[in-house]
Amino acid sequence: MSDQEAILFVNEAFYRAFADRDIEAMNNLWSNKVPVSCIHPGWPPLFDRCEILKTWKEILASSDAPDIRYRNENVNNFGDTASVICIEELAEIVLAATNIFYREGSLWKIIHHQAGPTSAELQKDDRVMRIGSVH
């Protein structure tokens with residue numbers, strides 16, 4: 001598997017954990033070795049791994065947790081660090097998201113997630129849904 005394929009795979013695993021409301025999977029995706037950060041839409045920046053995972057647990061356990069789809073992945077690889085910028089669709093909300101990954105051995109781990117409003121339009125075509133697709 002190339003680095004780009006591996007990065008896209010872990011990015012998809014992130015959205016799969018969100019869609020499946022799987023806090024254990026979400027926990028396993030985040031780095032334990034380097035500093036991490038997360039900015040949920042409308043929330044203050046978070047820099048503590050335990051606090052970040054606490055917020056994910058709250059989001060994923062909520063009965064109001066939205067379904068999520070993502071599309072238009074753009075990978076930038078900088079050696080042992082990479083970013084994926086994509087569009088997230090949650091109900092009627094469209095967000096631009098940045099996910100940053102760090103290579104730990106043979107695995108890529110999330111070190112930053114941020115999503116915020118964008119002018120991108122909501123797509124009605126089911127083909128944009130990448131959750132569960134095969135790369």
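Once the convex hull of the alpha carbons of region 58-105 is built, what does its volume come to per residue, in cubic angstrom? If you can, show how the numbers build up before the last one.
Details: hull volume 4.5 nm³, N = 48.
Once divided by residue count, the hull of region 58-105 is 93 Å³.
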In order over region 41-47: 3J(HN,Hα) from phi, Karplus 6.51/-1.76/1.60, θ = phi - 60°, whole Hz, x for each Gly or Pro, gives x, x, 9, x, x, 10, 10
For the chain, what D do you get in µm² per second when you plug the Kirkwood radius from alpha-carbon pairs into Stokes-Einstein at 4 °C and 1.567 mPa s?
-> 86
Could you work out the helix-only [θ] at 222 nm for the chain, with each DSSP H run of four or more residues adding -39,500 (n - 2.57) and the total divided by the number of residues, to the nearest 500 deg cm²/dmol?
-> -9000 deg cm²/dmol
Cβ-Cβ cut-off under 13 Å around Asp64, Lys and Arg +1, Asp and Glu -1: the net charge is -1
Phi angles of region 25-38, converted by Karplus (6.51 cos²θ - 1.76 cosθ + 1.60, θ = phi - 60°) into ³J(HN,Hα) in whole Hz with x for Gly and Pro, give 4, 4, 4, 5, 7, 8, 5, 9, 9, 10, x, 10, 8, 8
Return a whole-number percent for the relative contact order of the chain, with Cα pairs under 8 Å and 6 or more residues apart as the contact set.
-> 27
How long is the gain from Ala61 to Glu92 if the chain were fully straight, where each residue apart is worth 0.36 nm and the alpha carbon distance is subtracted?
-> 9.1 nm
Connecting every pair of Cα atoms under 10 Å apart in the chain and solving the GNM, the largest mean-square fluctuation among Ala17, Ala96, Ala65 falls on Ala65
Output the relative contact order of region 37-84, whole-number percent, from Cα pairs under 8 angstrom with separation of 6+ residues.
-> 18
Sum up the lysine pairs in the chain that clear both bars: alpha-carbon distance under 27 Å and a spacing of 8 or more or different chains.
-> 5
Calc'd 3J(HN,Hα), region 51-56, phi into Karplus 6.51 cos²θ - 1.76 cosθ + 1.60 (θ = phi - 60°), Hz, glycine/Pro = x, comes to 5, 4, 5, 4, 5, 5
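Every read-out reported here was derived from the displayed coordinates using simple, explicitly stated rules and does not represent laboratory data. Just so we're clear, the structure is a prediction, and the values are computed from it rather than from any experiment. Positions of Cβ are generated from backbone atoms using ideal geometry, with glycine treated the same way; all protein chains shown enter the neighbour counts.
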